[in-house]
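The values are calculated or read from the model by the stated rules, or taken from the named source; none is laboratory data. Given the structure is predicted, the values throughout are model-derived calculations rather than measurements. For neighbour counting, all protein chains shown are included, and Cβ atoms are generated from backbone atoms with ideal geometry for every residue, glycine included.
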Amino acid sequence: MASNWTNQVALVTGGARGLGRAIVKRLAAHGAAVAINYAANATVAEALAAEIRAGGGHAIAVGADVADAAAVNAMAARTEAVLGPISILVNNAGIAWAATLETWEPAGFARLRAVNVDGTIHAIRAVMAGMKARRYGRIVNISSIAAFGTTGFPGNHFYASTKAEVNILTRRFALELGGHGITVNAVAPGFTRTDMTRGGNTEAEWKEIEAGLARAAMTGRIGEPDDIANAVAFFGAPDSGWITAQILAVDGGRTDYIGHG
Ligand code: NAP
């Protein structure tokens, strides 16, 4: 039986660009009303919401720095006032931070944690009372295969550690919330084409990076944002109520990670 997405309301953090954008579009295509969170890029988020509304869907853009708990609470309240009770939360907002033991400094690491870890906690705390009261919720956290600890990027340690924390919290929060009808899962993407991975690389550098990572995947290519959105929609679906505490690597089958997950 196909899931019935009627009356589903999703809040997607960092929903205007990259993976979040594909997730927003996928959930809207299923029929969910979607709140598109942004931090810096209001215009892009507003334009995406307008595009979804023009196609007959329901969407709004909602600004908040996920590191700011009060702003996240206000964003959740606004979403519920306009779209209705939030039934799906996707914690996608995240930042990268390249640093080694030599270059580590506390402010950079604090900001990384504040967005990638605290942001996830803030958003879950903002929606969980309503989900508990309705005895229904689907929470999907965006982790990373970096969380498994075996990536080869030298500057990735601290980013990887924040995503490992997301994995642990996913399982622990699933335990705390499972009895309330709320599932908590994580999607751990492999290398996927977005602004984050594209970084400041030139076209030639990017082609080389892409080719190298494509060779490392059983499927012979890097990820596209839709590949990740597909897995998020699976965990977010009404029919997925007996799937919780799972970390799903979506990475095209990385041959340098056989045995992960
Ligand atoms: P991206 O292209 O850099 O986009 C990041 C998104 O997060 C943007 O929408 C941005 O919003 C939002 N964001 C950043 N800081 C925020 C904050 N403090 N509050 C609210 N929103 C904030 O990155 P991406 O590649 O799509 O990554 C999305 C998620 O997937 C991240 O958690 C990332 O760690 C994870 N991931 C990505 C890959 C990959 O290969 N791309 C692999 C593994 C995991 P604004 O535009 O408004 O700033």
### Task
Within the stretch 163-193, track down each residue that is touching a strand residue (DSSP E or B) at 6+ places or on another chain (Cβ under 9 Å) and either of a type in the set (Ser, Thr, Tyr) or surrounded by fewer than 17 Cβ atoms within 10 Å (Cβ to Cβ) (or both).
170, 171, 172, 175, 176, 178, 180, 181, 183, 192
### Query
Consider residue 131 against the criteria (1) surrounded by 22 or more Cβ atoms within 10 Å (Cβ to Cβ); (2) within 14 Å of the ligand (Cβ to nearest atom); (3) hydrophobic (A, V, I, L, M, F, W, C): it satisfies all of them except one. Which criterion is unmet?
(2)
### Query
Of all the residues that make up the stretch 101-124, how many are among the hydroxyl-bearing types (Ser, Thr, Tyr) and surrounded by fewer than 19 Cβ atoms within 10 Å (Cβ to Cβ)?
1
### Task
Please tell me if residue 26 is away from the ligand (no atom under 13 Å from the Cβ), closer than 16 Å to residue 139 by Cα and not hydrophobic (A, V, I, L, M, F, W, C).
yes
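Can you find a residue that is hydroxyl-bearing (Ser, Thr, Tyr), within 9 Å of the ligand (Cβ to nearest atom), at negative phi and surrounded by 18 or more Cβ atoms within 10 Å (Cβ to Cβ) anywhere in the stretch 37-52? It would help to see each step written out before you state the result.
Pass one, the stretch 37-52, residues hydroxyl-bearing (Ser, Thr, Tyr): 38, 43.
When the remaining residues are screened for being within 9 Å of the ligand (Cβ to nearest atom), the result is 38.
Now drop any that are not at negative phi, which leaves 38.
Checking which are surrounded by 18 or more Cβ atoms within 10 Å (Cβ to Cβ) leaves us with 38.
Yes, some residue in the stretch 37-52 is hydroxyl-bearing (Ser, Thr, Tyr), within 9 Å of the ligand (Cβ to nearest atom), at negative phi and surrounded by 18 or more Cβ atoms within 10 Å (Cβ to Cβ).
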### Query
Just to be sure, is residue 147 within 20 Å of the chain's Cα centre (by Cα), of a type in the set (A, V, I, L, M), part of a helix (DSSP H, G or I) and closer than 25 Å to residue 25 by Cβ?
no
### Task
Identify all residues within the stretch 72-94 that are aliphatic (A, V, I, L, M) and surrounded by fewer than 17 Cβ atoms within 10 Å (Cβ to Cβ); write none if there are none.
74, 77, 81, 82
### Pairs where the first residue, in the stretch 26-46, is under 19 Å from residue 75 (Cα atoms) and the second is of a type in the set (Asp, Glu) and assigned to a loop (DSSP other than H, G, I, E, B), C-beta under 7 Å, 6+ apart
39/65
### Task
Assess whether residue 164 counts as being at pLDDT 95 or above, over 17 Å from residue 187 (Cα atoms) and under 19 Å from the mean Cα position of the chain (by Cα).
no
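Looking only at the stretch 135-144, filter to residues that are outside any strand (DSSP E or B) and surrounded by 19 or more Cβ atoms within 10 Å (Cβ to Cβ); which one of those is farthest from the ligand (Cβ to nearest atom)? Break it down into steps so the answer makes sense when it comes.
First, pick out the residues of the stretch 135-144 that are outside any strand (DSSP E or B): 135-136, 143-144.
With surrounded by 19 or more Cβ atoms within 10 Å (Cβ to Cβ) added as a condition, the list becomes 143-144.
Details: 143: 7, 144: 3 Å.
Applying the filter and picking the extreme gives 143.
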#### Entry: Checking residue 257 against (1) at pLDDT 95 or above; (2) touching an Asp or Glu at 6+ places or on another chain (Cβ under 8 Å), the condition it does not meet
(1)
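Among helices (runs of 4 or more DSSP H) lying entirely in the stretch 190-261, which contain 2 or more residues that are in contact (Cβ under 8 Å) with a residue 24 or more places away in the chain and at positive phi? Give the steps one after another, and end with the answer.
Details: elements: 195-198, 203-215, 225-236.
Correct list: empty, since no element meets the threshold.
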